[in-house]
Amino acid sequence: MFKQQHPTKAVSVLLDGRPSSLPGGMSVAAALLATGEIVSRLSPSSGKPCSPHCLMGICYECLMEIDGYQRQACMTEVQEGMVINRNILKNKEDQHEHAA
Amino acid sequence: MSMQHDAVVIGAGPAGLAAASRLAELGLDVLTLDEQFRLGGQIYRHIEKASDQQFRFLGDDYARGQILAARFRKSGAKYESSATVWQIEPDGSICYSRHGKSKRIKGSYIIAATGAMERPVPLPGWNLPGVIGAGAANNLAKEAGLQPDVPLVIAGSGPLLLLEATQLIKKGAKIEAILDTTPQIPPLSAAPKIPPALLRTDFLLKGVAMMQMIRRSSVPYLKGVTDIRCLGSEQVTGVEARQGDRTLTFDAKMVLLHFGVIPNTHIFRQAGCRMAWKNDQRYWHPVCDNWGRTNFERIFAAGDGAAVYGALAAEYKGELAALETARCLGILPEYERDALAAPLRAALKKDMYPRPLIDALFSPHFDATALPDETVLCRCEHVTVGDIRKVVAEGVHEVNEVKIITRSGMGPCQGRMCGPALAEIVASESGVSIQKAGLLNIRPPLKPIPLDEVATMDLGPDGSGPANLFKNQSK
Ligand SMILES: Cc1cc2nc3c(=O)[nH]c(=O)nc-3n(C[C@H](O)[C@H](O)[C@H](O)COP(=O)(O)OP(=O)(O)OC[C@H]3O[C@@H](n4cnc5c(N)ncnc54)[C@H](O)[C@@H]3O)c2cc1C
Ligand code: FES
């Protein structure tokens, strides 16, 4: 989908339970897009796949579980050791569990 | 870190950086909060980490951010990144969340420089994976050096659409088509706007250069396009549109949409600032005096969040708000404030010459009646345009009432994505004016915050309990 113009130092994360390597120095959303992972979540209301749309914290299409909390992946810098769960394999996962 | 500051600036784009730098240079205690993990706002995103290649590619308009950032660092202004402000109050109180902890602080003055966002315009399939904002793609290029490498279509209207198109042409992206929805004959209202624009030939030449580059490329550039729909079921696979009587179809794995930018006003609406409707640009903005002061003595608005005039104007307005704040704090006498403001006002005036022309050329022309019923309006709650039409037909003509019945605007984005179009649809279906259709009420928290974070938060100077932080959340 995207190619990265300059490679950046990679970080190791746990993505949906699998150890994965993502480019560092950018948001979780950008790092996932850079590796071809375009689906960010399943819409809690329609069950359909979503991908990041605004990349600036407006649309919430990139909401995913990062280190135990629902966070906007486009506003969160990817870090070594992060645990990222998109819950894209199970249908209708309650995405709002932790959010007020 | 102290809980009380002379001023708190929200946003570290051009407006916020200029405001904070000036205040700190005057010896005031200023804290800048921005929810991004790096400073620069939208236009100067990633400015402190950009590569030489990025600077060369993005040119002087981007490089100006480097000067601003360096000034800000040198000024001694305090800065916290990844700090999401989720409530402000007229007395200067601010609640914000940072790395999973919330706290409440106070500024004698608040300068909210929260910037603009791409105007969300619903169309069939705009919520499919692979459909993203053109400005959003620009963000990815700056922040992460990402460049689309699949066949794509660029669609919509506005200077930023053309800017993104030319950048992608230069990079050799596989653009199947540029679908420009700007009407083919410029509106008559644009003609009287030309003379002042001629005072800024540098600006006009930039526009001409962009158009020439697009026209000379091999990319099909189609004007006067309507009825755009993104095709696909699990992911976007193409685009269909109309140009006059012609139906156009293109295969694409990515679609970049852009329909101009509008102020990001949630923070002002949450605070209860008086809002005004700008009819030619079809957006709401906080009402401000010529220093950026809202109807609340202690809350200022600066930059594109106050009204969209671009990055340079944002910088000047940030600085003007800072000068008035310094006067209020007793640091600058009135005559000195005015002397310092004079060159800024002159620069602002010069910068604004082309604006009426740009605004007239790209005036929004959203036709709510043309949207098919099945178009998803509210992504969060999956509410369609048809759902809204049904409720309006039953006699509900105010957006907050429509929201309660349909849930449009009740999801985590709090109506950021559906609100503007919701009001257009309600107004056009009911025949009431857009002002009467109203504006979605915004309650704190501005962004969803985990409850345990609120329960354990540091309450700051006056220590009042969290109970009154969430008033009236039902609507
Ligand atoms: C996606 C996008 C891309 C753009 N790209 C360009 C471009 O390439 N060239 C150009 O000329 N113009 C561009 N623009 C227009 C540009 O945004 C403005 O002209 C300029 O950036 C405005 O400056 P500003 O300081 O008013 O706001 P911004 O630069 O938008 O800065 C606002 C800052 O406030 C922060 N913020 C907002 N709400 C909160 C909150 N609640 N808590 C904490 N922080 C908050 C944001 O994270 C942001 O960093 C773009 C606009 C958008 C929406
Ligand atoms: S992509 Fe829109 S909020 Fe993250």
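The values are calculated or read from the model by the stated rules, or taken from the named source; none is laboratory data. For clarity, every value in this text was computed on a predicted model and none was experimentally measured. Reconstructed Cβ throughout: ideal geometry from the backbone, glycine too, with neighbour counts over all protein chains shown. Heads up: the accessible areas ignore ligands, DNA and RNA and are worked out on the full protein's heavy atoms, side chains in. Shrake-Rupley method; radii C 1.70, N 1.55, O 1.52, S 1.80 Å.
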Per residue accessible area in Å² of segment B:357-447, where ligands, DNA and RNA are left out and the probe is 1.4 Å: 36
Test item: A:15-28 mean partner chain Cβ contacts at 10 Å: 2
Total accessible area lost when B and A pair, probe 1.4 Å, Å² to nearest 100: 4000
Amide H within-cut-off set for B:A83, under 5 Å, with H built and near neighbours excluded: B:D34, B:E35, B:Q36
Cut-off under 5 Å, modelled amide H: who pairs with B:G460 long-range: B:R104
Lysines with Cα under 26 Å of B:K103, excluding same-chain neighbours fewer than 8 positions away: B:K78, B:K447, B:K471, B:K475
Solvent-accessible surface ranking, highest first, for B:M417, B:M275 at 1.4 angstrom: B:M275, B:M417
Amide H contacts under 5 Å for B:Y283, placed H, 5+ residues apart: B:K278
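Sorting B:Y221, A:Y69 by accessible area (1.4 Å probe), largest first, what list results?
Values: B:Y221 40, A:Y69 75 Å².
So, going from the largest accessible area down, we get A:Y69, B:Y221.
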Heavy atoms of A:H53: accessible area, 1.4 Å probe, square angstrom to 10: 20
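What length, rounded to one decimal in nm, is gained on full extension from B:A393 through to B:S218, with 0.36 nm per residue of separation minus their alpha-carbon distance?
Numbers: separation 175, 0.36 × 175 = 63.00 nm, distance 4.71 nm.
Full extension from B:A393 to B:S218 adds 58.3 nm.
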Cα lying deepest toward the dipole's positive end in segment B:120-259, options B:N138, B:T249, B:M210, charges on Cβ: B:M210
Under 19 Å from the Cα of B:K101 - aspartates and glutamates, other chains or at least 8 residues apart: A:E65, A:D67, A:E77, A:E97, B:D34, B:E35, B:E80, B:D452, B:E453, B:D458, B:D462
Carbon + sulfur, % of accessible area of the protein assembly as shown - ligands and nucleic acids excluded, 1.4 Å: 53
Cα lying deepest toward the dipole's positive end in the protein assembly as shown, options B:I154, B:F300, B:L340, charges on Cβ: B:L340
Fluctuation leader among A:R41, A:R18, A:R86 - chain A, Gaussian network, Cα springs under 10 angstrom: A:R18
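With r defined as the distance between the Cβ atoms of B:M3 and A:E80 and R0 fixed at 30 Å, what FRET efficiency is calculated, to the nearest 0.05? Kindly include the intermediate steps, with their values, before the conclusion.
On the way: r = 32 Å, r/R0 = 1.07.
The formula returns an efficiency of 0.40 here.
Give, as a single signed number, the net charge of other residues whose beta carbon lies under 9 Å from the beta carbon of B:L340, with Lys and Arg counted +1 and Asp and Glu -1. Don't skip to the answer; put the middle values down first.
Numbers: positive: B:R22, B:R337; negative: B:E319, B:E336, B:D338.
So the environment of B:L340 carries a net charge of -1.
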Part-to-part distance (alpha-carbon centres) for segment B:54-125 and segment B:358-433, which is given in Å: 29
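What is the magnitude of the charge dipole of chain B about its Cα centre, with +1 placed on the Cβ of each Lys and Arg, -1 on the Cβ of each Asp and Glu, and no other charges, expressed in debye to the nearest 20? Mind showing how you got there, number by number?
Values: 54 positive and 50 negative charges, 131 e Å.
Charge dipole of chain B: 620 debye, to the nearest 20.
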Rounded accessible area of B:C288 (nearest 10 Å², 1.4 Å probe): 50
Theoretical FRET efficiency, 1/(1+(r/R0)^6), r = Cβ-Cβ of B:F57 and B:Q184, R0 41 Å, to 0.05: 0.85
Structure-based [θ]222 nm, the protein assembly as shown - -39500 (n - 2.57) summed over DSSP H runs of at least 4, per residue, nearest 500: -9000 deg cm²/dmol
Nearest-20 debye value, segment B:359-463 charge dipole, Cβ charges on Lys, Arg, Asp, Glu: 80
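Charges only on Cβ, +1 for Lys and Arg, -1 for Asp and Glu: so what's the dipole of the protein assembly as shown about the Cα centre, in debye to the nearest 20? The partial results should precede the final answer.
Details: 63 positive and 60 negative charges, 169 e Å.
Roughly 820 debye for the protein assembly as shown.
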Those Cys residues of chain B for which no other cysteine Cβ falls under 4.7 Å: B:C95, B:C230, B:C273, B:C288, B:C328, B:C380, B:C413
B:D251, B:D304, reordered so the largest accessible area comes first (probe 1.4 Å): B:D251, B:D304
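From other protein chains only, count the Cβ atoms within 10 Å of every residue's Cβ in A:2-10, then give the mean. Let's see the in-between values first.
Details: counts 11, 8, 6, 10, 5, 1, 3, 0, 0.
For this peptide, the per-residue mean of nearby foreign Cβ atoms is 5.
Average partner chain C-beta neighbours within 10 Å, per residue of B:117-123?
For this peptide, the per-residue mean of nearby foreign Cβ atoms is 2.
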Probe 1.4 Å, protein heavy atoms only - accessible area per residue of segment B:82-234 in square angstrom: 37
Summed residue charge, Cβ within 14 Å of B:E394's Cβ, Lys/Arg positive, Asp/Glu negative: -2
Signed unit charges on C-beta, dipole axis of the protein assembly as shown, positive-most listed residue B:V383, B:A321, B:A423: B:A321
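Here are some pairs, B:K49/B:K206; A:K3/B:K253; B:K106/B:K317; B:K49/B:K174; A:K9/B:K49; B:K206/B:K317; which of them have Cα atoms lying more than 19 Å apart in this structure? Present the calculation step by step, with values, prior to reporting the outcome.
Numbers: B:K49/B:K206 26 Å; A:K3/B:K253 14 Å; B:K106/B:K317 23 Å; B:K49/B:K174 27 Å; A:K9/B:K49 14 Å; B:K206/B:K317 24 Å.
Listed pairs above 19 Å: B:K49/B:K206; B:K106/B:K317; B:K49/B:K174; B:K206/B:K317.
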Average Cα contact separation per residue, segment B:368-437, under 8 Å, 6 or more apart, as relative contact order %: 35
